[in-house]
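The values are calculated or read from the model by the stated rules, or taken from the named source; none is laboratory data. Computed from a predicted model, the values in this text were never measured in an experiment. Methodologically, a virtual Cβ is constructed for each residue, glycine included, from the backbone with ideal geometry; neighbour enumeration extends over all protein chains shown.
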Amino acid sequence: MSSRADAPAGAPRAASGVLVVVGDLLEDIVVWATEPIRAATDSAAQVFRSRGGSAANVAAHAAGLVPTRFVGRVGADGAGRTLEDALASTGVEVCLQRAGRTGAVVLIVAPDGERTMFPDRAAAAELEGVDAGWLDGAAWLHVPSYGFEHEPMRSEVGRLVARARERGAVISIDASSTGLIDTLGVDRMLGWLADLRPDVLFANETEAALLGVARGGRLAASVAHRVVVKHGGEPTEVFDDGESVARVPVAPVAAVRDLTGAGDAFAAGFVAAALGGAEVEACCLAGHRFAASVIGTPGGDVGGA
(Lines give C-alpha, C1' and ligand atoms only; values in the text may rest on other atoms or scores of the structure.)
Protein backbone atom coordinates (compact mmCIF):
# COMPACT_ATOMS: atom_id res chain seq x y z
CA MET A 1 0.00 0.00 0.00
CA SER A 2 1.25 3.44 -0.84
CA SER A 3 1.74 5.73 2.12
CA ARG A 4 -0.37 8.86 2.33
CA ALA A 5 2.74 10.87 1.49
CA ASP A 6 2.87 9.07 -1.90
CA ALA A 7 -0.74 9.88 -2.82
CA PRO A 8 -2.78 13.08 -3.18
CA ALA A 9 -4.36 14.22 0.06
CA GLY A 10 -7.54 12.34 0.77
CA ALA A 11 -7.05 9.79 -2.01
CA PRO A 12 -6.83 6.28 -0.53
CA ARG A 13 -4.51 3.81 -2.22
CA ALA A 14 -4.48 0.08 -1.49
CA ALA A 15 -2.10 -2.64 -2.56
CA SER A 16 -3.48 -5.91 -3.82
CA GLY A 17 -4.80 -7.98 -0.96
CA VAL A 18 -8.00 -9.03 0.74
CA LEU A 19 -11.13 -6.94 1.16
CA VAL A 20 -12.41 -7.66 4.67
CA VAL A 21 -16.03 -6.74 5.37
CA VAL A 22 -17.31 -6.74 8.97
CA GLY A 23 -20.97 -6.75 9.91
CA ASP A 24 -24.33 -8.44 9.51
CA LEU A 25 -25.22 -11.76 7.91
CA LEU A 26 -29.01 -12.01 8.21
CA GLU A 27 -32.07 -13.49 6.56
CA ASP A 28 -34.01 -11.01 4.44
CA ILE A 29 -37.78 -11.47 4.33
CA VAL A 30 -38.78 -9.18 1.49
CA VAL A 31 -42.41 -8.17 0.98
CA TRP A 32 -43.14 -6.59 -2.39
CA ALA A 33 -46.44 -4.75 -2.15
CA THR A 34 -48.23 -5.10 -5.48
CA GLU A 35 -50.81 -2.43 -4.69
CA PRO A 36 -50.82 0.67 -2.47
CA ILE A 37 -50.37 -0.43 1.15
CA ARG A 38 -53.62 -0.23 3.10
CA ALA A 39 -53.24 0.17 6.86
CA ALA A 40 -55.06 -2.20 9.23
CA THR A 41 -56.21 -4.59 6.50
CA ASP A 42 -54.91 -6.85 3.73
CA SER A 43 -52.63 -5.59 0.96
CA ALA A 44 -51.64 -7.79 -1.99
CA ALA A 45 -47.96 -8.75 -2.04
CA GLN A 46 -45.24 -11.15 -3.10
CA VAL A 47 -42.92 -12.49 -0.36
CA PHE A 48 -39.29 -13.55 -0.93
CA ARG A 49 -36.62 -14.94 1.39
CA SER A 50 -32.91 -14.52 0.73
CA ARG A 51 -29.51 -14.12 2.29
CA GLY A 52 -29.10 -10.54 3.46
CA GLY A 53 -27.24 -8.17 5.73
CA SER A 54 -25.53 -5.00 4.54
CA ALA A 55 -21.98 -6.25 5.09
CA ALA A 56 -22.74 -9.66 3.59
CA ASN A 57 -24.22 -7.93 0.52
CA VAL A 58 -21.02 -5.93 -0.01
CA ALA A 59 -18.87 -9.04 0.36
CA ALA A 60 -21.00 -11.11 -2.03
CA HIS A 61 -20.93 -8.47 -4.76
CA ALA A 62 -17.19 -7.80 -4.44
CA ALA A 63 -16.08 -11.44 -4.32
CA GLY A 64 -16.29 -11.89 -8.07
CA LEU A 65 -13.62 -9.21 -8.56
CA VAL A 66 -11.31 -9.25 -5.53
CA PRO A 67 -10.42 -11.73 -2.76
CA THR A 68 -13.05 -11.05 -0.13
CA ARG A 69 -13.50 -12.16 3.47
CA PHE A 70 -16.61 -11.66 5.60
CA VAL A 71 -16.34 -11.41 9.39
CA GLY A 72 -19.48 -11.64 11.51
CA ARG A 73 -21.62 -13.64 13.89
CA VAL A 74 -24.68 -15.85 13.40
CA GLY A 75 -26.71 -18.04 15.70
CA ALA A 76 -25.82 -21.63 16.49
CA ASP A 77 -28.80 -22.77 14.45
CA GLY A 78 -29.90 -24.03 11.07
CA ALA A 79 -30.65 -20.54 9.79
CA GLY A 80 -27.05 -19.51 10.45
CA ARG A 81 -25.66 -22.54 8.62
CA THR A 82 -27.93 -21.89 5.64
CA LEU A 83 -26.84 -18.25 5.43
CA GLU A 84 -23.17 -19.23 5.73
CA ASP A 85 -23.51 -21.67 2.84
CA ALA A 86 -25.32 -19.08 0.71
CA LEU A 87 -22.62 -16.46 1.28
CA ALA A 88 -19.77 -18.91 0.71
CA SER A 89 -21.35 -19.95 -2.60
CA THR A 90 -20.63 -16.43 -3.94
CA GLY A 91 -16.89 -16.94 -3.45
CA VAL A 92 -16.56 -15.15 -0.12
CA GLU A 93 -14.27 -16.55 2.58
CA VAL A 94 -16.69 -16.67 5.52
CA CYS A 95 -15.29 -16.25 9.05
CA LEU A 96 -18.05 -16.59 11.63
CA GLN A 97 -18.65 -16.73 15.34
CA ARG A 98 -21.67 -18.87 16.25
CA ALA A 99 -23.84 -18.38 19.32
CA GLY A 100 -27.42 -17.47 20.16
CA ARG A 101 -30.05 -16.78 17.50
CA THR A 102 -29.57 -15.79 13.88
CA GLY A 103 -31.06 -12.41 12.98
CA ALA A 104 -33.44 -11.38 10.24
CA VAL A 105 -34.80 -8.25 8.55
CA VAL A 106 -38.35 -7.82 7.26
CA LEU A 107 -38.44 -5.35 4.35
CA ILE A 108 -41.71 -3.87 3.14
CA VAL A 109 -41.19 -2.55 -0.40
CA ALA A 110 -43.79 -0.19 -1.83
CA PRO A 111 -44.70 -0.34 -5.53
CA ASP A 112 -42.38 2.64 -6.24
CA GLY A 113 -39.35 0.77 -4.83
CA GLU A 114 -39.04 2.59 -1.52
CA ARG A 115 -38.71 0.27 1.45
CA THR A 116 -39.27 0.19 5.19
CA MET A 117 -37.07 -2.16 7.20
CA PHE A 118 -37.67 -3.97 10.49
CA PRO A 119 -34.29 -5.36 11.61
CA ASP A 120 -33.69 -7.92 14.34
CA ARG A 121 -29.91 -8.35 14.34
CA ALA A 122 -29.88 -10.85 17.22
CA ALA A 123 -26.49 -12.64 17.26
CA ALA A 124 -24.98 -10.32 14.63
CA ALA A 125 -24.86 -7.43 17.13
CA GLU A 126 -22.96 -9.56 19.66
CA LEU A 127 -19.73 -9.79 17.66
CA GLU A 128 -16.72 -9.52 19.97
CA GLY A 129 -13.24 -10.94 20.45
CA VAL A 130 -12.59 -11.45 16.74
CA ASP A 131 -9.61 -13.66 15.93
CA ALA A 132 -6.75 -11.36 14.85
CA GLY A 133 -5.94 -13.82 12.07
CA TRP A 134 -9.19 -12.88 10.33
CA LEU A 135 -7.47 -9.62 9.33
CA ASP A 136 -4.50 -11.38 7.74
CA GLY A 137 -3.74 -10.00 4.29
CA ALA A 138 -6.29 -7.19 4.61
CA ALA A 139 -5.72 -4.37 2.12
CA TRP A 140 -9.13 -2.78 2.76
CA LEU A 141 -11.57 -3.00 5.69
CA HIS A 142 -15.19 -2.02 5.05
CA VAL A 143 -17.79 -1.55 7.81
CA PRO A 144 -21.46 -0.51 7.51
CA SER A 145 -22.54 1.79 10.33
CA TYR A 146 -25.04 -0.83 11.51
CA GLY A 147 -22.02 -2.14 13.41
CA PHE A 148 -22.23 0.90 15.70
CA GLU A 149 -25.81 0.29 16.81
CA HIS A 150 -25.19 -2.02 19.78
CA GLU A 151 -22.49 -3.11 22.16
CA PRO A 152 -20.37 -5.22 22.20
CA MET A 153 -20.14 -4.96 18.41
CA ARG A 154 -19.59 -1.18 18.49
CA SER A 155 -16.40 -1.50 20.52
CA GLU A 156 -15.25 -4.49 18.48
CA VAL A 157 -15.62 -2.55 15.25
CA GLY A 158 -13.46 0.22 16.67
CA ARG A 159 -10.82 -2.31 17.68
CA LEU A 160 -10.84 -3.93 14.24
CA VAL A 161 -10.52 -0.56 12.50
CA ALA A 162 -7.47 0.27 14.64
CA ARG A 163 -5.86 -3.12 14.00
CA ALA A 164 -6.51 -2.98 10.26
CA ARG A 165 -5.05 0.52 10.05
CA GLU A 166 -1.93 -0.65 11.89
CA ARG A 167 -1.55 -3.29 9.16
CA GLY A 168 -1.76 -0.62 6.44
CA ALA A 169 -5.33 -1.30 5.28
CA VAL A 170 -7.60 1.37 3.81
CA ILE A 171 -10.72 1.88 5.94
CA SER A 172 -14.20 2.61 4.59
CA ILE A 173 -17.45 3.13 6.50
CA ASP A 174 -20.98 3.35 5.10
CA ALA A 175 -23.42 5.73 6.81
CA SER A 176 -26.07 3.02 6.18
CA SER A 177 -29.36 4.58 7.32
CA THR A 178 -30.96 7.86 8.35
CA GLY A 179 -33.04 5.93 10.89
CA LEU A 180 -29.88 4.50 12.40
CA ILE A 181 -28.23 7.93 12.53
CA ASP A 182 -31.30 9.41 14.20
CA THR A 183 -31.37 6.60 16.75
CA LEU A 184 -27.68 6.90 17.59
CA GLY A 185 -27.69 10.70 17.44
CA VAL A 186 -25.98 12.86 14.82
CA ASP A 187 -23.40 14.24 17.24
CA ARG A 188 -22.46 10.77 18.52
CA MET A 189 -22.16 9.47 14.97
CA LEU A 190 -19.97 12.37 13.92
CA GLY A 191 -17.83 11.84 17.01
CA TRP A 192 -17.26 8.17 16.20
CA LEU A 193 -16.41 8.99 12.60
CA ALA A 194 -13.96 11.69 13.67
CA ASP A 195 -12.30 9.25 16.08
CA LEU A 196 -12.10 6.42 13.53
CA ARG A 197 -11.22 8.81 10.65
CA PRO A 198 -11.98 6.44 7.75
CA ASP A 199 -10.26 6.91 4.42
CA VAL A 200 -13.68 6.73 2.70
CA LEU A 201 -17.19 7.49 3.96
CA PHE A 202 -20.13 6.41 1.76
CA ALA A 203 -23.49 8.14 2.22
CA ASN A 204 -26.62 8.74 0.20
CA GLU A 205 -27.89 12.28 -0.08
CA THR A 206 -30.28 12.10 2.89
CA GLU A 207 -27.66 10.50 5.15
CA ALA A 208 -25.06 13.06 4.05
CA ALA A 209 -27.49 15.93 4.65
CA LEU A 210 -28.35 14.64 8.12
CA LEU A 211 -24.65 14.39 8.99
CA GLY A 212 -23.95 17.81 7.47
CA VAL A 213 -21.45 16.57 4.87
CA ALA A 214 -23.57 16.71 1.71
CA ARG A 215 -21.58 19.59 0.24
CA GLY A 216 -18.14 18.79 1.55
CA GLY A 217 -16.46 21.47 3.62
CA ARG A 218 -14.68 21.42 6.97
CA LEU A 219 -17.08 19.02 8.68
CA ALA A 220 -16.72 16.49 5.87
CA ALA A 221 -12.94 16.80 6.09
CA SER A 222 -13.07 16.13 9.84
CA VAL A 223 -14.87 12.78 9.54
CA ALA A 224 -13.21 11.16 6.51
CA HIS A 225 -10.43 11.77 4.00
CA ARG A 226 -12.87 11.03 1.15
CA VAL A 227 -16.67 11.44 1.28
CA VAL A 228 -18.70 9.82 -1.51
CA VAL A 229 -22.27 11.17 -1.72
CA LYS A 230 -24.81 9.27 -3.84
CA HIS A 231 -27.84 11.09 -5.24
CA GLY A 232 -29.89 8.28 -6.76
CA GLY A 233 -30.16 8.92 -10.48
CA GLU A 234 -28.30 12.25 -10.19
CA PRO A 235 -24.49 12.49 -10.35
CA THR A 236 -22.46 11.07 -7.48
CA GLU A 237 -20.25 13.65 -5.77
CA VAL A 238 -16.84 13.00 -4.26
CA PHE A 239 -15.05 15.25 -1.78
CA ASP A 240 -11.43 14.79 -0.73
CA ASP A 241 -10.53 16.54 2.53
CA GLY A 242 -13.70 18.59 2.12
CA GLU A 243 -12.98 19.77 -1.45
CA SER A 244 -14.99 18.63 -4.48
CA VAL A 245 -12.89 16.40 -6.77
CA ALA A 246 -15.48 14.59 -8.91
CA ARG A 247 -19.08 14.67 -10.04
CA VAL A 248 -19.88 11.45 -11.86
CA PRO A 249 -23.12 11.03 -13.89
CA VAL A 250 -25.32 7.97 -13.35
CA ALA A 251 -26.49 6.03 -16.41
CA PRO A 252 -30.29 5.85 -16.72
CA VAL A 253 -31.96 2.69 -15.39
CA ALA A 254 -35.03 1.31 -17.15
CA ALA A 255 -36.98 0.30 -14.06
CA VAL A 256 -36.56 0.55 -10.28
CA ARG A 257 -38.47 -2.06 -8.27
CA ASP A 258 -36.51 -2.52 -5.03
CA LEU A 259 -33.77 -0.19 -3.73
CA THR A 260 -32.74 -2.67 -1.03
CA GLY A 261 -28.99 -3.27 -1.18
CA ALA A 262 -28.27 -0.69 -3.88
CA GLY A 263 -25.91 1.20 -1.57
CA ASP A 264 -24.17 -2.04 -0.60
CA ALA A 265 -23.71 -2.95 -4.26
CA PHE A 266 -22.34 0.55 -4.97
CA ALA A 267 -19.80 0.21 -2.16
CA ALA A 268 -18.72 -3.21 -3.46
CA GLY A 269 -18.17 -1.93 -6.98
CA PHE A 270 -16.36 1.20 -5.80
CA VAL A 271 -14.05 -0.64 -3.40
CA ALA A 272 -13.26 -3.46 -5.84
CA ALA A 273 -12.33 -0.92 -8.51
CA ALA A 274 -10.20 1.05 -6.04
CA LEU A 275 -8.36 -2.12 -5.03
CA GLY A 276 -7.67 -2.65 -8.73
CA GLY A 277 -6.03 0.78 -8.95
CA ALA A 278 -8.86 2.68 -10.65
CA GLU A 279 -9.22 6.45 -10.36
CA VAL A 280 -12.18 7.90 -8.49
CA GLU A 281 -14.41 8.45 -11.54
CA ALA A 282 -13.98 4.83 -12.62
CA CYS A 283 -14.66 3.67 -9.05
CA CYS A 284 -17.96 5.58 -9.04
CA LEU A 285 -18.95 4.15 -12.43
CA ALA A 286 -18.24 0.64 -11.16
CA GLY A 287 -20.41 1.40 -8.14
CA HIS A 288 -23.21 2.63 -10.40
CA ARG A 289 -23.11 -0.57 -12.48
CA PHE A 290 -23.26 -2.78 -9.40
CA ALA A 291 -26.13 -0.76 -7.90
CA ALA A 292 -28.10 -0.94 -11.16
CA SER A 293 -27.77 -4.73 -11.11
CA VAL A 294 -29.85 -5.12 -7.93
CA ILE A 295 -32.67 -2.59 -8.13
CA GLY A 296 -34.90 -4.82 -10.24
CA THR A 297 -34.71 -7.85 -7.94
CA PRO A 298 -36.00 -8.60 -4.39
CA GLY A 299 -33.58 -7.70 -1.59
CA GLY A 300 -29.87 -7.00 -1.95
CA ASP A 301 -28.60 -10.54 -2.60
CA VAL A 302 -26.50 -11.27 -5.70
CA GLY A 303 -28.94 -12.14 -8.47
CA GLY A 304 -32.00 -11.57 -6.27
CA ALA A 305 -34.07 -14.26 -4.62
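Annotations
- In the condition set (1) more than 17 Å from the chain's Cα centre (by Cα); (2) outside any loop (DSSP other than H, G, I, E, B); (3) surrounded by fewer than 15 Cβ atoms within 10 Å (Cβ to Cβ), Glu237 is compliant with all but (3).
- Test: Asp112 is acidic (Asp, Glu), closer than 26 Å to Ser155 by Cβ and surrounded by fewer than 17 Cβ atoms within 10 Å (Cβ to Cβ): no
- Which listed residue, of Leu180, Leu201, Leu193, is of a type outside the set (Lys, Arg), modelled with pLDDT of 95 or more, part of a helix (DSSP H, G or I) and within 23 Å of Ser244 (Cβ to Cβ): Leu193
- Ala88 surrounded by fewer than 24 Cβ atoms within 10 Å (Cβ to Cβ), at pLDDT below 90 and within 30 Å of Glu166 (Cα to Cα): no
- Take the conditions (1) among the small types (Gly, Ala, Ser); (2) assigned to a loop (DSSP other than H, G, I, E, B); (3) more than 30 Å from Gln97 (Cα to Cα); Gly168 misses just one of them, which is (3).
- Filter pass, Arg121 being surrounded by fewer than 19 Cβ atoms within 10 Å (Cβ to Cβ) and either under 14 Å from Gly53 (Cα atoms) or in contact (Cβ under 8 Å) with a residue 24 or more places away in the chain (or both): no
- Selection count where residues are out of contact with any helix residue (DSSP H, G or I) (no Cβ under 7 Å at 6 or more places or on another chain) and crowded, with 18+ Cβ neighbours inside 10 Å, scope segment 100-109: 4
- Residue satisfying all of: in segment 240-271; more than 15 Å from Asp199 (Cα to Cα) and in a helix (DSSP H, G or I); modelled with the lowest pLDDT among these: Ala262
- Put simply, of Leu180, Leu219, Leu190, Leu184 the only residue that is surrounded by fewer than 21 Cβ atoms within 10 Å (Cβ to Cβ), more than 17 Å from Val143 (Cβ to Cβ) and either touching a Ser or Thr at 6+ places or on another chain (Cβ under 9 Å) or in contact (Cβ under 8 Å) with a residue 12 or more places away in the chain (or both) is Leu219.
- Check on Val223, of a type in the set (Val, Ile, Thr) and either in contact with an Asp or Glu (Cβ under 9 Å, 6 or more places away or on another chain) or at pLDDT below 95 (or both): no
- Subset of segment 11-30 [in contact with a His (Cβ under 9 Å, 6 or more places away or on another chain), among the hydrophobic types (A, V, I, L, M, F, W, C) and modelled with pLDDT under 90]: Ala11
- Residues in segment 193-216 that are touching a residue at least 60 places away in the same chain (Cβ under 8 Å) and either of a type in the set (Asp, Glu) or surrounded by fewer than 22 Cβ atoms within 10 Å (Cβ to Cβ) (or both): Asp199 only.
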